[in-house]
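Enquirer: Structure incoming, see below.
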Amino acid sequence: MAYSPGVGAVCEEIEKDHSVADTMTLRPRSIAVVTDGSFLDASPDGVGPALDWIISQIKYFSGLDAFPFIVSKDINIEEALKDLTTSYGTVLYLDNKEVKSVPADLLFIRQNDVVKVAKVEITDA
């Protein structure tokens, strides 16, 4: 099935069985990059260029599509994650606020996890 002209049929199939959403939509190839700017000690208005760079790196190295979400500092991140889960299979969370609950079908990656994986130590051999 395809979105056009059969979008109604796709929606009906997903309504019957939510597990088919990952095969009938772009959800598994879409990443939400979420921040309130605190990872750079910046205001939400000043974090845009850094997000653009992060998103371009995700696209270049993985081929996946990433989308920026700049949120207010007082957001309830657990509620936001529930909302994002319907459209995004992965969330890259760039702030250090404590997150108590993550939806089971969401791949949730913290900024600190990315830094640990990307950190490379070069020594003289």
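Quick note: the coordinates plus some simple rules give every number you see, no bench work behind them. Everything numeric here is computed off the predicted structure, so don't read it as measured data. FYI the Cβ positions are ideal-geometry reconstructions off the backbone, even for glycines, and counts take in every protein chain you see.
Enquirer: Going by a ≥ b ≥ c, the root eigenvalues of the Cα gyration tensor, does the stretch 25-118 fall in the rounded group (a/c under 1.5), the prolate group (a/b larger than b/c) or the oblate group?
Expert: rounded
Enquirer: Taking θ = phi - 60°, what integer Hz values does the Karplus form 6.51 cos²θ - 1.76 cosθ + 1.60 yield along the stretch 16-25, in sequence order, with x for Gly and Pro?
Expert: Result, rounded to whole Hz: 5, 9, 4, 5, 7, 4, 6, 9, 10, 9.
Enquirer: Let me ask something additional. Under 12 Å from the Cβ of Ala9, count the other residues' Cβ atoms, weight Lys and Arg +1, Asp and Glu -1, and hand me the total.
Expert: -2
Enquirer: Amide H of Ala66 versus every other amide H placed in the peptide plane: which residues, excluding those fewer than 5 positions away on the same chain, fall under 5 Å?
Expert: Residues meeting the criterion, in which the H sits 1.01 Å from N, are Ile31.
Enquirer: For the stretch 25-118, what does the relative contact order come out to in percent, with C-alpha contacts under 8 Å and a separation of six or more?
Expert: Normalised by residue count, the contact order of the stretch 25-118 is 36 percent.
Enquirer: Starting with the highest mean, order 76-88, 93-105 by the number of other Cβ atoms within 10 Å, averaged over the residues of each peptide.
Expert: With the highest mean Cβ count within 10 Å placed first, the list reads 76-88, 93-105.
Enquirer: Considering the alpha-carbon set of the stretch 19-76 alone, what are its Rg and its Dmax in angstrom?
Expert: 13.4, 40
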